[in-house]
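A short worksheet on the structure shown next.
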Amino acid sequence: MAKIQIRQLRRRDFITLLGGAAAAWPLAARGQQQAMPVIGYLTTGSPESDAVPFLAAFRQGLGEIGYVEGRNVAIEYCWAEFQMDRLPEMAGDLVRRPVTAIAAIGGTPTALVAKAATSAIPVVFYLGVDPVEFGLVASLNRPGGNMTGVAALQANLVAKRVELLHELVSKAAVVALLINPANRYSETEARVAQDAASSLGLQLQVLSASNARDFDAVFGTLADLRADMLLVSADLFLHSRREEIVARVTRRALPTIYPWREYVSGLMSYGPSLFDAYRLVGIYTGKILRGAKPADLPVEQNTRLEFVINLQTAKTLDLTFPVTLSARADGVIE
C-alpha cells in the first residue's frame, strides 16, 4: 500500500509541476520523448545466430534512413531460438504492447505468424517464397494491407543448384536434399528439386532435420543411400548449424551446394546475399517509421545472385571445377 501511495504522490507532484518548470521544456524535446518508435524484432533465431549477418545488416539499413537504436528508435527483441511454436505467443506480445512496426526475421514462419497476429501494425518480411502465392500480399508492386518486404524467391534457385552440382559431378545418380520440415518453404523447395532432378535423370532423396539431434540420423541415412551429392535447403535453422554441416559433409567427401556464401568453407554456394536482404528489411522498416505505408511499398526482389566456389575444399574432396563452372563464379576462395 505504501508503494501505491508514493506513486500517487509523485504523479500529483508531477501534474502540479506541469504549470511550472515542466512548461519550460522545449516542445520539440517533449514530442521526441513521447514519439520514439519501437520496432518488434521477431525472429526464428537466437542472439548468436542472428548477430551476423542479420542483425548487423538490419541495423545498417535502419541507419541509412536515420535511425539508430537507443538514440531515436527502440527495438524489442523476440528470439524463438528455432522453436517455432514460440512464435505466435511472441508475436501476440508485440501486438499487445503495441510496437510501431514488426520486422519478421527468419523467412516464411515469422511472416505467416505476423500476418495471423495483426492486420494493423506494419510488418516487413524477408522470404524465400512468393509472398503472393502464400497470401501475404496482393501483388509484388502493390502489396496492399499491412505487409511488405523482400522476396528472394529461393525456390526458383533450387533447380539451378541441382544443375550446378550435376555439372561438377556428371556421373551422379542420387542427389539428396536436406530440409527443415518445420519451415513451410521446404515443401516448395522439395517439389522444385524433384522436378529438376528428374529432368537430369537423377533420383532425389529428401532428408529432414529440425534440431541438432537429427543430424546423426541424417548423415547415417546419407551413407546408406549412397548419395553422390547434397543440396542444403535455404533455411535459417540449417544456416545456424552451417559449421557442423560443412564439417560432416567434408568428412564424408560429399559434394554439396549451399544456398548462401556464409557457408564459406563449403564447396560451393549459389544464392542471394543475406546481408543485402536484411539491410533492405532495415531500410523498409525505417521508411515505415518515417510515414510510408506498407501497402504502397513494392516488395523488393533480391535478384543479385552470387555463385561462390571454394578451391581449397574442392582439393580436399579430390574434385576439380571444370572451366565452364569456375569461369562463371562471382567469388573464388583459394
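The values are calculated or read from the model by the stated rules, or taken from the named source; none is laboratory data. Everything numeric here is computed off the predicted structure, so don't read it as measured data. Ideal geometry is used to build each Cβ from the backbone, glycine not excepted, and the neighbour counts take in all protein chains shown. For the accessible areas, the whole protein counts, side chains as well, though only heavy atoms, and no ligand, DNA or RNA atoms are used. Shrake-Rupley method; radii C 1.70, N 1.55, O 1.52, S 1.80 Å.
So, in region 235-258, of the ones that are crowded, with 17+ Cβ neighbours inside 10 Å and among the hydroxyl-bearing types (Ser, Thr, Tyr), which residue ends up nearest to GLN83 (Cα to Cα)? Filtering region 235-258 for residues that are crowded, with 17+ Cβ neighbours inside 10 Å and among the hydroxyl-bearing types (Ser, Thr, Tyr), the one nearest to GLN83 (Cα to Cα) comes out as SER240. Residues considered: ALA151, ALA91, ALA182. Of these, the only one that is touching a helix residue (DSSP H, G or I) at 6+ places or on another chain (Cβ under 6 Å), at pLDDT below 95 and among the small types (Gly, Ala, Ser) is ALA182.
Within region 296-324, work out how many residues are farther than 30 Å from ARG251 by Cβ and of a type in the set (D, E, K, R). Explain how you work it out, then say what you get.
Pass one, region 296-324, residues farther than 30 Å from ARG251 by Cβ: 296-304.
Add one more test, that the residue is of a type in the set (D, E, K, R), and what stays is 296, 300, 304.
Of the residues in that region, 3 qualify.
Screening region 148-234 for strands (runs of 3 or more DSSP E) wholly inside it with 1 or more residues that are surrounded by fewer than 18 Cβ atoms within 10 Å (Cβ to Cβ) returns the ranges 174-179, 203-208.
Can you tell me which residues in region 177-217 are charged (D, E, K, R), closer than 18 Å to ALA247 by Cα and within 20 Å of the chain's Cα centre (by Cα)?
Initial filter on region 177-217 (charged (D, E, K, R)): 184, 187, 189, 191, 195, 213-214, 216.
So of that shortlist, the ones also closer than 18 Å to ALA247 by Cα come out as 213-214, 216.
If the condition is that a residue be charged (D, E, K, R), closer than 18 Å to ALA247 by Cα and within 20 Å of the chain's Cα centre (by Cα), then no residue fits.
If the condition is being open to solvent by less than 20 Å² (accessible area, probe 1.4 Å) and not in a helix (DSSP H, G or I), then region 97-108 contributes VAL99, ALA101, ILE102, ALA103, ALA104, ILE105, GLY106, GLY107. Residues that are without any contact (Cβ under 8 Å) to a residue 40 or more places away in the chain and closer than 23 Å to GLY45 by Cβ within region 220-245 comprise ARG241, ARG242, GLU243, GLU244, listed in sequence order.
This table checks each residue for (1) open to solvent by 10 Å² or more (accessible area, probe 1.4 Å); (2) assigned to a helix (DSSP H, G or I); (3) free of Cβ contacts under 8 Å to residues at least 24 places away in the same chain.
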site	(1), (2), (3)
ASP85	yes, yes, yes
VAL95	yes, yes, no
THR110	no, yes, no
LYS115	yes, yes, no
PHE125	no, no, no
VAL132	yes, no, yes
ALA138	yes, no, yes
ASN141	yes, no, no
GLY145	yes, no, no
